[in-house]
Amino acid sequence: MADAAEHQAVPTEDESRRDFLLHATLATGAVGVAVSMWPLINSMNPAADTLALSSVEASLAGLQEGQAITISWRGKPVFVRYRTAVEIEEARSERWQDMPDPQPDEERVQDDRYLIVIGVCTHLGCIPLGQKTTETRGDYGGYFCPCHGSHYDLSARIRRGPAPANLEVPEYIFLSETNIRIG
Amino acid sequence: MSTEKSWGTQAFDWFEERLPIVSFIDNTVGSKYPAPKNLNYFWNFGALAGFVMVIMILTGILLAMSYTPHVDHAFQSVERIMRDVNSGWLLRYMHANGASFFFIVVYIHIFRGLYYGSYKAPREVLWWLGIIIMLIMMMTAFTGYVLPWGQMSFWGATVITNLFSAIPVIGDEIVTLLWGGFSVDNPTLNRFFALHFLMPFVLVGVVILHVWALHIPGSNNPLGINATPKDKIPFHPYYTAKDVFGLGVFLLVYFTVVFWFPNAMGHTDNYIPANPLSTPAHIVPEWYFLPFYAILRSIDDKLTGVILMFGSILILFVIPWLDTSRVRSATFRPIFRVLFWIFLIDCVVLTWCGAQLPEGIPLILTRVGTFWYFFHFLVLMPVIGWIETPRPLPTSISTPVVAKPAE
C-alpha cells in the first residue's frame, strides 16, 4: 500500500510539470502565430510608394475673393475657399461651443481668408457640394453632402445631419503669401 | 443468364468500396434522402440558389480571364468584354443579373424559412449557416460591384468602407487598412478583385455545411410538424423532378431579363468611369442592399446607424430564441401569420425608402419601417408566442390529406 501511495504521488508531480510545459509551449506558439500574422495583415496597409505621394504644392494667386478651388491630394479633394469678410464674420459670430463638433473658426484656418479643408464628408466619405457657384451650399452656407444630408457651415463645421465631425483640416503650410504645401 | 455481376457493376463496386462518393451523393440529393411528401414550390429555392451559384462561379471565372484589375484599365476592360470578347456581353449580363437573381432566390428562401418556422429547433445551426451564407453573398456582391470601376462602383466602395470608420478609436486605421491607401484607389481595386474571386469558394464550403446541417434533422415542411418515415418520399426522382421543373420556370424569367432587360436592375451612373473628385448627386446601392441602406440612414447619428444596419442582419441569429412559440408553421398561427405579411411589406417599404433621398415622407417611412423591423423581432415575436392560441396540429402529414374526403 505504501508503495502504491508513493507511485500515486509521483505522477501528480509529473503531471504538473507536464502541464507547465504544455501550457508554456501553447502560449509561446500562440504568441508566435499572433506575431507572424502581423506582416500578413500589415501588407494590406499603404505601401511605401503610396505614402511617398503624400504632399502637394499649389498656388492660390489666381483665386479671387468669394471663389473656391479644389486640389487633389492623396486621391482626395482639398477644398480651398477665399472667404469674403462677410463670410468670415458669419463663421465667427455664432457660438461654436454649442455645435456638434465644437471648434472655433480661428483654430480651423491659418490665414483668416483661406478656408482649407479635406472635401470628404466625415459621415461616409462622399464629396460635399458647395465648391462650384452652381451647387447648393446647404442651410448653413458652407457645404452640403447630398448622400445622406449633412450640412456644413462657412468654417466647414458640421451643423446638421448624420456626419459626426467637422470636415478635416489637412496639415499645410503657407510657403509664401499665396503658395501652400499640403501634407 | 448468370447471376454474376457484370464487369461494369464490378468496377463500380470496386470504386465504391474505396471512395463511396456515388452513394454519398445518392444519400444527399438522391433516392436515399427521404423528404417530406408535402413540400410545396417554395422548397425549390434552396436548389435554385445552388444552381445560380454554379452559374455565377462559371461566368465569373470566364470573365476574370478578360478583366484587368487596375484603375486605368478596369472600366475599359469591362467595355472590351461587352464589345470584343466572344459572348462577353452574355457572360457579363448573366453574371451581373445572376447576382440580382441570387438575392431574389435567397430572399424568397429566407422568407420561406421565416413563414414555416424553419429556424426553430432542431434547425438553429442550419439557420445560422444560412445567415453566414447571406453575409458572404453580400460581401461577394459588394466587392464584385466595385470591379467595373464606374461611378457607382467607386462611390459605393467609398461609402461602404467608410462604415468601418464609425468604429470608435481604431475606425480610421481599419479603413486605411481596407483601402491600402488614403482613399479608394488601385490597391483597393486589386484586393477587392482577389477577395471577389476567393469568397465564392468560401461560399461553396459553407453551402456544403448548410446541406450537411439540413440532413441531420431533414427538411422542414409546410405543416411544420415532424415527418414520420411514412410521410416521406425519396428525394430522387420526386423532388429532383420538381426542382427541374422549377428550374425551367426560373430560367425563363432569368433569361428574359438577361436578354431583354439586362440593365433594368443596374444603375446608369455605373457606365460613367469612376471620378474620385465628384460624387454622383444621388448614390444608391444595388437594390438588394436597399432595405439595409434605408436602416443605415434612418438615424442622424453615424455610429447608431451603422450598428442598426449590422444589427438588422445579426438579429436573425437569435430569432430561434426570440420566437417563443413551439409551433413551426405560420399556417397554424393566426396572429403570427398576419404579422409575417406585415413584416414582408415592411421590408418592401424599406427597400423603396432606400432608393429615395432621406428627407420628407421617405425619411418618416424609413424611421417607421426601421422601428417595425426591430419591433417585429424583439417584441412581437416573443410576445405573440406566449399569447397566441395556435390551431390544432395534424398528427401526421398524411392525416389531413386522408381526412379531406370525409368533409
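Here are some notes:
- Filtered by the rule that a residue be surrounded by 10 or more Cβ atoms within 10 Å (Cβ to Cβ), at pLDDT 85 or above and of a type in the set (Val, Ile, Thr), the stretch A:13-71 gives A:THR25, A:THR28, A:VAL31, A:VAL56, A:ILE69, A:THR70, A:ILE71.
- Selection status of B:ILE55, more than 26 Å from B:ILE342 (Cα to Cα), open to solvent by 40 Å² or more (accessible area, probe 1.4 Å) and modelled with pLDDT of 95 or more: no
- Scanning the stretch B:265-301 for residues that are more than 13 Å from chain A (Cβ to nearest Cβ), open to solvent by less than 40 Å² (accessible area, probe 1.4 Å) and part of a loop (DSSP other than H, G, I, E, B) yields a single hit, B:GLU286.
- Wholly enclosed strands (runs of 3 or more DSSP E) of the stretch A:72-183 bearing at least 1 residues more than 14 Å from every other protein chain (Cβ to nearest Cβ): A:76-82, A:114-118, A:141-145, A:150-153, A:172-174, A:179-182
- The one condition from (1) at pLDDT below 95; (2) open to solvent by 30 Å² or more (accessible area, probe 1.4 Å); (3) not aromatic (Phe, Trp, Tyr) that B:MET65 does not meet is (1).
- Which listed residue is more than 14 Å from chain A (Cβ to nearest Cβ) and either open to solvent by 40 Å² or more (accessible area, probe 1.4 Å) or not small (Gly, Ala, Ser) (or both), from B:PHE154, B:PHE103: B:PHE103
- Considering the stretch B:355-388, and only residues there that are without any contact (Cβ under 8 Å) to a residue 12 or more places away in the chain and outside any helix (DSSP H, G or I), the residue that is surrounded by the most Cβ atoms within 10 Å (Cβ to Cβ) turns out to be B:GLN356.
- Residues being of a type in the set (S, T, N, Q) and within 14 Å of another protein chain (Cβ to nearest Cβ) - total across the stretch A:45-71: 5
- Long-range neighbours under 9 Å by Cβ, at least six apart or interchain, first residue outside the structural domain of A:TYR82 (by TED's automatic domain parsing) and at pLDDT 90 or above within the stretch A:100-124, second of a type in the set (Ser, Thr, Tyr) and not in a loop (DSSP other than H, G, I, E, B): none
- Tally of residues being buried (at least 17 other Cβ atoms within 10 Å of the Cβ) and closer than 22 Å to A:ARG181 by Cβ across the stretch A:72-91: 11
- Flag if A:GLU94 is modelled with pLDDT under 85 and either open to solvent by less than 80 Å² (accessible area, probe 1.4 Å) or farther than 16 Å from A:VAL169 by Cβ (or both): yes
- Some residue of the stretch B:307-324 being within 13 Å of chain A (Cβ to nearest Cβ) and crowded, with 18+ Cβ neighbours inside 10 Å: yes
- Checked across the stretch B:179-196, the condition of being away from chain A (no Cβ under 14 Å), open to solvent by 50 Å² or more (accessible area, probe 1.4 Å) and within 22 Å of the chain's Cα centre (by Cα) holds for no residue.
The values are calculated or read from the model by the stated rules, or taken from the named source; none is laboratory data. Just so we're clear, the structure is a prediction, and the values are computed from it rather than from any experiment. As a convention, Cβ positions derive from the backbone with ideal geometry for all residues, glycine included, and neighbour counts pool all protein chains shown. SASA here: full protein model, heavy atoms, side chains in, ligands and nucleic acids out. Shrake-Rupley method; radii C 1.70, N 1.55, O 1.52, S 1.80 Å.
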